[in-house]
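Colleague: Just passing along the structure, written as structure tokens.
The values are calculated or read from the model by the stated rules, or taken from the named source; none is laboratory data. Here the structure is a predicted model, which means the values were calculated and not measured. Glycine also receives a Cβ, built like all others from the backbone with ideal geometry; neighbour counts cover every protein chain displayed.
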Amino acid sequence: MIQAGLQLEQGPPISVPFRFFLAAPVFLLLAAAALLWEGPAAFAVRLSPAAVAIAHLVALGFMAMVMIGAMMQMLPVLQGSPVPRPRATAAVTHAGVGLGTLAFAAGFLFGEPWLLRAGALALAAGFLAFVVAVLVCLARAPRQNRTVGSMWLVLASLLVAVVFGLMLASLFGWGIALPNQAAHSLHPGWSLLGWTGLLVTGMGFELVPMLQMTAQYPKPMARYMGALLLALLALWSAALWIDEGRWGEVAVGCAVATAAAYALFAVVTVVLQQRRRRRLADVTLDFWRVGMLSLFGASLAWGIRVAWPGAWAGASPESMDILIGVLAMFGFAGSVISGMLYKIMPFLAWFHLQSMCGPGVLAPNMKKILPDARQRLQFRSQVLALALLCAAALWPGLFVYPAALALAATAVLLEMNLLAVVRAYRDGRARAASQSAPRDSC
Amino acid sequence: MTGIGEYMINHHKECDEVFARAEEAVGEADWARAQARFDAFTRQMDRHFDMEGNVLFPEFENKTGHAGGPTQVMRMEHDQMRVVMHEMRAALEAKDAEQYLGLSETFLVLMQQHNFKEEGILYNMIDQVLGDQGEKLLAQLDSVA
């Protein structure tokens, strides 16, 4: 039968995505604490142990945590096949990535190799469970449409990033020499330009036109950009691998082309949003704008950095690398993530509450569940933290402490907002349970 | 010739447009215009639900012998959207912009995830299963008031 296996409703239980979302700001807060503890020294050298710990608290604990939760929620709904055993997969992945990130970061911060080793193993187990579950889900999709295609690329990139990450972990945790020095570049490359960038662009092609009522992205862009980026990353990796991590012409060319593609995505997105059909003020839209501006800035700075390594008159290459990292991870990914959380979480709370209400009865709407004013306040604090972190990359002595405090503040505000959604959900559920006769609202 | 899926996708876009026009008028507190635009919006939505619920889905279910499959979930979501639209009308009559905009935000996400599933998966299947009756069905869809 043609639609065998097709179910159009199989979102997982609400606890599956929510446990990932609720954990994420905690890691942002831990990153702020590590930055406060370490002070300007954390930003003095790109690969200082503290910088590595902070980068992974953000990249794994905050970014990957939300990205995994969102994929576990959205993939089954958007492509019509469930993630197998969602509760078990979520439990293993959440525990593996969460505890693994804690141990891994602590290992670097306190110089304890056994913690680092335990963290790396837990992370590998967590990511493996997730990758296997999503592979099954993708293979069972009833239609191999554009969304499914882009998710294959995202998953492949994640797998490559994890493999290079394990090589580096073997070096730092077990003292096993790297098979190739290129791994130092390839791990962050596949994590940010592959897994993160391909997920945001792949989802962006679908979600930006839907939620903000913009025109569609240009067809060739939506159809081929993911595959093109993956091909560029593969060629870049091969060139670096052959040259043992040295940047030859091919590597530089691929990197500049990749940066140009991401910059183009940022520009097209902003132009589409500028001409959107829906004109209402929207915090998610503002988060996307900050994210696209950061993506453009990071792409430009990185393109120049690799094409003309000596071109930085005022700033050191190290501080440029930290600035690029701040823009890419907190400015680009962090903004898009917060913006999407404000759509996904209130909607899911509403959707699950609505299914508990009787016919003709309505759950509190999304803006009752999470008022605009609370989102707006947190948005402003996140932009402030971003600006201060950028300044701290360039002038660590002056700005690291204010940046760390602002990061802590925005993490707390974000968590408070997410908890407000959970509270509204619990209240609604209690009301629905206690209601014997249907009333006007539940 | 236009496929059935393409025809329905185009109508989704019309629904988006009338939805945005009504919401815009409420945002500007232009209540007379909002009322007229809201009526146009609910007319198009009802027409869309009828095209699917009364024409396409029964044909699809007949052909595939599946009444409890994907179309069943789509019908449930139509009912959910109807409930939200009913509340939007009440908010409009009470001239309660805050309530309307909270509801319309919810409606938008509900409608778009629903449309995404139809456009990405279900309409492809409908084209495949019912493609040979395309002309007859398009004429029937046109005549849904």
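Colleague: Taking residue A:136 as the residue in question, decide whether it is assigned to a loop (DSSP other than H, G, I, E, B), modelled with pLDDT under 95 and aliphatic (A, V, I, L, M).
Modeller: Considered against the rule, which asks whether it is assigned to a loop (DSSP other than H, G, I, E, B), modelled with pLDDT under 95 and aliphatic (A, V, I, L, M), residue A:136 comes out as no.
Colleague: Residues of segment B:115-128 being more than 9 Å from chain A (Cβ to nearest Cβ) and surrounded by 21 or more Cβ atoms within 10 Å (Cβ to Cβ), which ones?
Modeller: B:123, B:126
Colleague: Does segment A:302-321 contain any residue that is closer than 21 Å to residue A:414 by Cβ and either within 11 Å of chain B (Cβ to nearest Cβ) or not aromatic (Phe, Trp, Tyr) (or both)?
Modeller: We begin by selecting, within segment A:302-321, every residue closer than 21 Å to residue A:414 by Cβ; these are none.
Looking for residues that are closer than 21 Å to residue A:414 by Cβ and either within 11 Å of chain B (Cβ to nearest Cβ) or not aromatic (Phe, Trp, Tyr) (or both), one finds none in segment A:302-321, hence no.
Colleague: Looking at A:162, A:154, A:132 in this structure, which one is aliphatic (A, V, I, L, M) and over 17 Å from the mean Cα position of the chain (by Cα)? Show your work before the answer.
Modeller: On the way: A:162 fails: over 17 Å from the mean Cα position of the chain (by Cα); A:154 fails: over 17 Å from the mean Cα position of the chain (by Cα).
When all the criteria are applied, what remains is A:132.
Colleague: Identify, please: which residue in segment B:37-68 is outside any helix (DSSP H, G or I) and closer than 22 Å to residue A:76 by Cβ and is, among those, nearest to the other protein chains (Cβ to nearest Cβ)?
Modeller: The selected residue is B:66.
Colleague: Restricted to segment B:69-94, and to residues that are facing chain A (nearest Cβ under 8 Å) and hydrophobic (A, V, I, L, M, F, W, C), which residue is surrounded by the fewest Cβ atoms within 10 Å (Cβ to Cβ)?
Modeller: Applying the filter and picking the extreme gives B:76.
Colleague: Could you check, for segment B:103-111, whether at least one of its residues is at the interface with chain A (Cβ under 10 Å from one of its Cβ atoms), closer than 19 Å to residue B:10 by Cα, under 10 Å from the mean Cα position of the chain (by Cα) and part of a helix (DSSP H, G or I)?
Modeller: Yes; the residues of segment B:103-111 include at least one that is at the interface with chain A (Cβ under 10 Å from one of its Cβ atoms), closer than 19 Å to residue B:10 by Cα, under 10 Å from the mean Cα position of the chain (by Cα) and part of a helix (DSSP H, G or I).
Colleague: Just one of (1) modelled with pLDDT of 90 or more; (2) within 14 Å of another protein chain (Cβ to nearest Cβ) trips up residue A:332, so point out which.
Modeller: (2)
Colleague: Can you find even one residue in segment B:35-51 that is surrounded by 17 or more Cβ atoms within 10 Å (Cβ to Cβ) and among the small types (Gly, Ala, Ser)?
Modeller: The answer is no; no qualifying residue exists.
Colleague: Any idea which of A:229, A:264 is crowded, with 20+ Cβ neighbours inside 10 Å, out of contact with any strand residue (DSSP E or B) (no Cβ under 7 Å at 6 or more places or on another chain) and assigned to a helix (DSSP H, G or I)?
Modeller: One residue alone meets the criteria, A:229.
Colleague: From (1) free of Cβ contacts under 8 Å to residues at least 40 places away in the same chain; (2) over 18 Å from the mean Cα position of the chain (by Cα), pick out the condition that doesn't hold for residue A:324.
Modeller: (2)
Colleague: Considering only segment A:240-251, I want to know if a residue exists there that is touching a residue at least 12 places away in the same chain (Cβ under 8 Å), touching a Ser or Thr at 6+ places or on another chain (Cβ under 7 Å) and crowded, with 17+ Cβ neighbours inside 10 Å.
Modeller: Yes, segment A:240-251 contains a residue that is touching a residue at least 12 places away in the same chain (Cβ under 8 Å), touching a Ser or Thr at 6+ places or on another chain (Cβ under 7 Å) and crowded, with 17+ Cβ neighbours inside 10 Å.
Colleague: Restricting to segment B:96-109, name every residue that is buried (at least 17 other Cβ atoms within 10 Å of the Cβ) and out of contact with any helix residue (DSSP H, G or I) (no Cβ under 6 Å at 6 or more places or on another chain).
Modeller: Selection gives B:101, B:108.
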